Amino acid sequence: MLFPTLFGVVTLVFFMIALSPGDPARVMLGERASKEKIEKLRADLGLDKPLIQQYGLYLTRIVRLDFGESIKSGQKVWDEIKARYPATIELALCAMIFASVLGVWIGVISATRKNTWIDYTSMVGALFGVSMPVFWLALVLIMIFSVNLNLFPTGGRMNLRLFFQPETNFYLIDTFKLLLKGEPEYFLSALHHLILPSVALGTIPLAIIARTTRSSMLEVLKQDYVKTVRSAGIKEQRVVFRYALRNALMPVITVIGLQFGMLLAGALLTETIFAWPGIGKWIYQAIEARDYPAVQGGIIVISTSFVLINLAVDVLYSVINPKIRLQ
Amino acid sequence: MSDDTLLTMENVNVHFHTRRGVVKAVRDLSLHIKKGETLALVGESGCGKSVTAHTINQLIPMPPGVIESGSVIFRDRDLLKLPEKEIRKLRGTQISMIFQEPMTSLNPVFKIGEQLADVFLTHQKMTKKEAHAKAVELLDLVKIPSPEKRAHDYPHQLSGGMRQRVMIAMALASPEPGLMIADEPTTALDVTIQAQILDLLTDLKDKVDMSILLITHDMGVVAETADRVVVMYAGRKVEEGTVYQIFDNPSHPYTLGLLNSLPSNEKYADHSRLEAIPGNVPDLLTLGDGCPFANRCSWADEACEKSFPGITELDEGHSIWCHKSEEVKNRSVR
Amino acid sequence: MNSTETLNTINAPAAESPLAEHWHQLKRSKTAMAGLIIILAFILIAVFAPLLAPMDPVAQNIEMRKTAPFVSEYILGTDDLGRDMLSRLIYGARISMTIGVIAVGIALFFGILIGVISGYYGGMVDKVIQRLVDIMLAFPYILLTIVIVAVLGPSLTNAMVAIGISQIPRYIRIVRASVMAEKESDYVMAERALGASDFELMFLSILPNCLAPISVQATLGFGSAILESAGLSFLGLGAQPPTPEWGLMIASSKEFVTSAWWIVTLPGIATLLAVLGFNLLGDGLRDILDPRLRD
Amino acid sequence: MSESLMEVKDLKKYYRISSREGNAKQTLKAVDGVSFDIKKGEILGIVGESGCGKSTLGKTVLRLHEKTEGEVLYGGRDLFSLDHKEMVDLRKSIQMVFQDPFSSLNPRKKVGSLISQPLRIHKAGTPAEIAEKVDSIMEEVGINPMYKNRFPHQFSGGQRQRIGIARALTLNPEFVVCDEAVSALDVSVQAQILNLLQDLREKHDLTYMFIAHDLAVVEYISTRIVVMYLGKIIEMADKDELVKNHTHPYTKALFNAFPLTDPHKRDQKEKIVMGDVPSPINPPTGCHFHPRCPYAKDICKQQYPPLKEVSPGHMSACWLNE
């Protein structure tokens, strides 16, 4: 399942870029470049070869994680991704943790208090949550919390006055080591910079998770087996948290996986706003500059992550659902 | 009522408020269940038999359901007046229930041993290990082969019959079982499996001192397992008696019609036409106060349309509610 | 037994088609009605934009730029080039509704066609289609639309097409799943036993019974098309200046978070309201048409 | 003996079942080598428990499912050798009444249109003629034609089943498969429908294949009975012969398990078979019934017994008959 899908993704990306109008060589060299120069570059890039041959070449490179060089910076695409992707993942993870924990909690509370004001308020809130453009929410949050209230920085990952040399590019991990060494300011600054973007990114998944949890929970609470444990006299709280929640979580896990993938892609929209030096901002700039190798590499990395996350969800799913496990 | 009565239901009315109006699902229903007996509540779909059962253990969805009036006295306490917490305590300890669909009645993500043990843990002080041992013991009691192994199975690994056995074990997991409500317990099962389950129920009733309220549409199941029978039609009780009284001398036109509709009735051995009850079950929404069976009854006249009849006692413990009891009696020799 | 079920089956008073029945239920759903009212309002605004807008949405008035709301004849203020916010928002509704109609139209047409075929015939056809759908769904759809627009070249029309294409897989999935479920039901078997043709079975028997999940998805899809197009315009891949598109308006407001709150918030609120309308209606429809179908 | 209308020869219908994990496919032998014939005018009852393949059999003999192997001869021609057009043509004479009156009628179509559909498909007459035919058939099954503009959900189960029957009869078929046609109905309504089916048979000279799990119903309506267990016929005889002289232990078990509506007889019954119906995916070796059979011998575990005639017209597949 995994490899055919990945293969399909890689193929699709190749052909879409290859068939797109415009000559990458011309884009790279500018409008006024001479014909000879362009021809030479085309030959260098292998663009003069038949499409199918280009595709074969491309595949062999991809397998070695060789995405070529960025037209804009001249650096290896894979190196650029390695430097930026951790930032994106770190942010997405924080946002997802925020969204999942709060979302499941709100969903369960709403389901068990169906038709109370708590339920109505959270569900109306959730509905607003799923109806907002994420980049707009980010802007509004910056306007309120950074500009007007001055509670959070407007962007970046770390206070620029702190001189900091990252190792893994996961700032929370890197700075945690410093924290253990008795230098907490790095860790705190990293955390401080993460809060607002995490909330902005996490709000939409939060709303979706809360809605899914609620409806799934309500569905499960209607099931006969819940009637069975109720008629066996088991306490309502135990009915909800021990018996019903585990069943109700199954669709929620799927949604969490899906949303996590969406966040990685959504980084394209939000990272520019928060000046977050992640892969999203980088792809955005690559698209603007028509930097095809970079766009190609970035898209492949994100979709591969997406596929892997879905795979992880399937695995997790089978852990909590014995029916799938044993069949 | 005498001392050997376990449960008494008096004048219970249950209504459902729907968009189209009020559905009077159960009307003026009174019945009692004696200790150790199996009472069958029999009738076709829409007759209110399941609503009656759900009234006893308070599982009626409210809204739209409302218990308008009446009392349900169980071991000297009126269940309709007990707070939710007390009811919950009773459910599972003294009143248990098994459902029609054993496929959906067990939680798919827990092993059956866990689910059973949890009932013990809820109601009794014991360790997890003890509870598990008890669970296995119960699985053995309901004749599940190699219970120790089966306890580690998930519900979907068991057959329908086995699942229903587990459900019965769940119902028996209480320290002092009093009443088991069995709501169409064999309807979803194959006939050879049904026979096994009915056998098991009869067996258990003797081993464990309890009463069974059996809800079914199947006259065959009634004949095989019940001690006493209450026949319901469109929310009303129309006939009540011992199983022998009901089958030997059915006296309400509806009971009579029901038995006559059965293709297994011996009188059809010659392949003759079935004596079907004409027409359909009435709409509970528009049903007036008359006898609900009047529009399908060949004896009915104006009196039947107007008011619901009072009780006619035919024999000790055998009563019908019919205006035309005399006329019917003269023709009802089966 | 179930007493409410009895009601539906016995002696129903008058002939009521399933559609009329749904409409009655819809009228009682507060969520759905709220959504419907919002949507109708936006449709009216879109249709009558030239009559409603007080000014030309692209006319600049440099002297009046960044005027706050409620202080001049520019009721909702002006943007950084002195264009009337209100008029731009009103014309924006036109664009957003068009995007929704075209994107959802494309997605519906191909999604239904492919989905019905895939679900009805099964076998190899189905396998190939599902593999392709898997691959398309392996892209987060925002990325998919971006790639498609990047290929087609940035413009509003291309954005609509891209959104439509990237939504197709969802419809294929939904249509296929419900066709497969319906295909097994007895009424299809019964009609096949009568000798009905494949075409008749697919489009006249099965499809009408699959409309419930499709209409829910289409309603929600309308909302997400509006959101996606805003996103594309925000990235510079959709509408181009000076088009009064909401996403584009938000994008160009980035630098004014410190100085002019209305330029930032108003287009976002307009988007939010429009999408909210569709989500409300979609939720209401889902509750009515198919209580089991929840995300 | 009258002429046979349909001959089923060694019919097999297998399904490939794929498990979720891995690609290990298993074979479900829903119908596994079934042969019998149906004579004109008779009512052939097919009885068995869930998983015995009776329903699949009913649909396969009408070619609603494709076969895996075997032949179904109807009027001398193999159904499965017909091309599309010939098959559509033949559908006029072979029809089916389904179990669930709630799912076998398209909920989006009006009753009139449902009943007239077969006539329209086969272009059997002008619109006026079709309308007339619909009215008369509705009356015949006991539904007032004035209700033809209503939708199926506005009728009760029994009424819907009448509509389903009306639809199956509009083209004047000669052979009708009734698949659990009364099992979803309340007892009092079930009797009405059984009577209706009997009446229609006499009037239109119909032949029925009547599939049901309810022994009492099959016993009442059939002239001949086939008992199935896990995809195979285990016993088959004229009704009276089967009821009185059944020889197969499973048939015995079935009769025994069936609840009698006489409380006086409840203690006289023999002890019933234990155990569950095995899965048709991996049926037991030898005779499929041997794990549950109180009389099982060694050979039963190894070899499947042949279906042999034990008395004229009475076939049984059991080693005990040897």
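Numbers below:
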item: Residue match in segment D:254-267 (condition: within 22 Å of B:GLN196 (Cβ to Cβ) and touching a strand residue (DSSP E or B) at 6+ places or on another chain (Cβ under 8 Å)); result: yes
item: Selected residue [in contact with a helix residue (DSSP H, G or I) (Cβ under 9 Å, 6 or more places away or on another chain) and farther than 24 Å from A:GLU271 by Cα] from A:LYS35, A:LYS72, A:LYS40; result: A:LYS40
item: Identity of the residue in segment C:62-80, in a loop (DSSP other than H, G, I, E, B), free of Cβ contacts under 8 Å to residues at least 60 places away in the same chain and open to solvent by 40 Å² or more (accessible area, probe 1.4 Å), that ends up nearest to C:LEU52 (Cα to Cα); result: C:ILE75
item: Options A:VAL101, A:VAL140, A:VAL130: the member that is open to solvent by 70 Å² or more (accessible area, probe 1.4 Å) and either without any contact (Cβ under 8 Å) to a residue 24 or more places away in the chain or within 24 Å of C:SER233 (Cα to Cα) (or both); result: A:VAL101
item: Candidates D:LYS85, D:LYS123, D:LYS148, D:LYS109 - the one that is more than 21 Å from the chain's Cα centre (by Cα), open to solvent by less than 40 Å² (accessible area, probe 1.4 Å) and at pLDDT below 90; result: D:LYS109
item: Those residues of segment A:72-89 which are open to solvent by less than 50 Å² (accessible area, probe 1.4 Å) and over 21 Å from the mean Cα position of the chain (by Cα), in sequence order; result: A:GLY74
item: Qualifying residue in segment C:242-252 (condition: acidic (Asp, Glu), buried (at least 24 other Cβ atoms within 10 Å of the Cβ), at negative phi and touching a residue at least 24 places away in the same chain (Cβ under 8 Å)); result: yes
item: One residue from D:SER55, D:SER116, D:SER104, D:SER50 being over 28 Å from D:ASP238 (Cα atoms), within 16 Å of the chain's Cα centre (by Cα) and not in a strand (DSSP E or B); result: D:SER104
item: Residues (over 22 Å from B:VAL26 (Cβ atoms) and open to solvent by 50 Å² or more (accessible area, probe 1.4 Å)) located in segment B:300-327; result: B:ASP301, B:GLU302, B:GLU313, B:LEU314, B:ASP315, B:GLU316, B:GLU326, B:GLU327
item: Sole residue being surrounded by 24 or more Cβ atoms within 10 Å (Cβ to Cβ) and within 26 Å of the chain's Cα centre (by Cα), chosen from A:ALA244, A:ALA248, A:ALA232; result: A:ALA248
item: Residue match in segment A:266-277 (condition: assigned to a helix (DSSP H, G or I) and either open to solvent by 40 Å² or more (accessible area, probe 1.4 Å) or farther than 27 Å from A:LEU311 by Cβ (or both)); result: no
item: Tally, over segment C:172-212, of residues that are in contact with an Asp or Glu (Cβ under 6 Å, 6 or more places away or on another chain) and open to solvent by 10 Å² or more (accessible area, probe 1.4 Å); result: 3
item: Residues satisfying the stated conditions in segment B:92-118, i.e. within 7 Å of chain A (Cβ to nearest Cβ), out of contact with any strand residue (DSSP E or B) (no Cβ under 8 Å at 6 or more places or on another chain) and either open to solvent by less than 10 Å² (accessible area, probe 1.4 Å) or touching a residue at least 24 places away in the same chain (Cβ under 8 Å) (or both); result: B:GLY92, B:THR93, B:GLU101, B:LEU106, B:ASN107, B:PRO108, B:VAL109, B:ASP118
item: Long-range neighbours under 6 Å by Cβ, at least six apart or interchain, first residue touching a residue at least 24 places away in the same chain (Cβ under 8 Å) within segment D:139-155, second buried (at least 20 other Cβ atoms within 10 Å of the Cβ) and of a type in the set (Gly, Ala, Ser); result: D:VAL141/D:ALA166
item: When residues of segment D:205-257 are limited to those that are charged (D, E, K, R), within 12 Å of chain B (Cβ to nearest Cβ) and assigned to a helix (DSSP H, G or I), the one surrounded by the fewest Cβ atoms within 10 Å (Cβ to Cβ); result: D:LYS244
item: Residues located in segment D:106-125, provided they are in contact with a Ser or Thr (Cβ under 7 Å, 6 or more places away or on another chain) and either within 9 Å of chain C (Cβ to nearest Cβ) or free of Cβ contacts under 8 Å to residues at least 12 places away in the same chain (or both); result: D:ASN106, D:PRO118
item: Residue list for segment D:302-322, restricted to those being of a type outside the set (A, V, I, L, M), crowded, with 20+ Cβ neighbours inside 10 Å and closer than 16 Å to D:LYS239 by Cβ; result: D:SER316
item: Yes/no for C:VAL147 being crowded, with 23+ Cβ neighbours inside 10 Å, part of a helix (DSSP H, G or I) and modelled with pLDDT of 90 or more; result: no
item: Residues that are at pLDDT 85 or above, facing another protein chain (nearest Cβ under 10 Å) and either open to solvent by 70 Å² or more (accessible area, probe 1.4 Å) or in a loop (DSSP other than H, G, I, E, B) (or both), drawn from segment A:145-156; result: A:ASN148
item: Filter result for D:ILE281 (in contact with a strand residue (DSSP E or B) (Cβ under 7 Å, 6 or more places away or on another chain), buried (at least 18 other Cβ atoms within 10 Å of the Cβ) and either over 30 Å from B:PRO250 (Cβ atoms) or in contact (Cβ under 8 Å) with a residue 40 or more places away in the chain (or both)); result: no
item: Restricting segment D:168-204 to residues that are free of Cβ contacts under 8 Å to residues at least 24 places away in the same chain and facing another protein chain (nearest Cβ under 10 Å), the residue that is most open to solvent (accessible area, probe 1.4 Å); result: D:ASP199
item: Segment B:175-189: number of residues that are open to solvent by 10 Å² or more (accessible area, probe 1.4 Å) and under 24 Å from B:LYS125 (Cβ atoms); result: 3
item: Only one of B:GLY48, B:GLY36, B:GLY65, B:GLY43 that is open to solvent by less than 40 Å² (accessible area, probe 1.4 Å), away from chain A (no Cβ under 14 Å), over 18 Å from B:LEU213 (Cβ atoms) and among the small types (Gly, Ala, Ser); result: B:GLY65
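Here's the yes/no breakdown for (1) within 23 Å of B:ALA226 (Cβ to Cβ); (2) modelled with pLDDT under 85; (3) within 14 Å of chain A (Cβ to nearest Cβ):
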| position | (1), (2), (3) |
| --- | --- |
| B:VAL26 | yes, no, no |
| B:THR52 | yes, no, no |
| B:GLN58 | no, yes, yes |
| B:ARG75 | yes, no, no |
| B:PRO83 | no, no, yes |
| B:LEU90 | no, yes, yes |
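The values are calculated or read from the model by the stated rules, or taken from the named source; none is laboratory data. Model, not experiment: these values are computed from the prediction. Here Cβ is always computed from backbone atoms with ideal geometry, including for glycine, and neighbour counts include all displayed protein chains. With ligands, DNA and RNA removed, areas are computed over all heavy atoms of the protein, side chains included. Shrake-Rupley method; radii C 1.70, N 1.55, O 1.52, S 1.80 Å.
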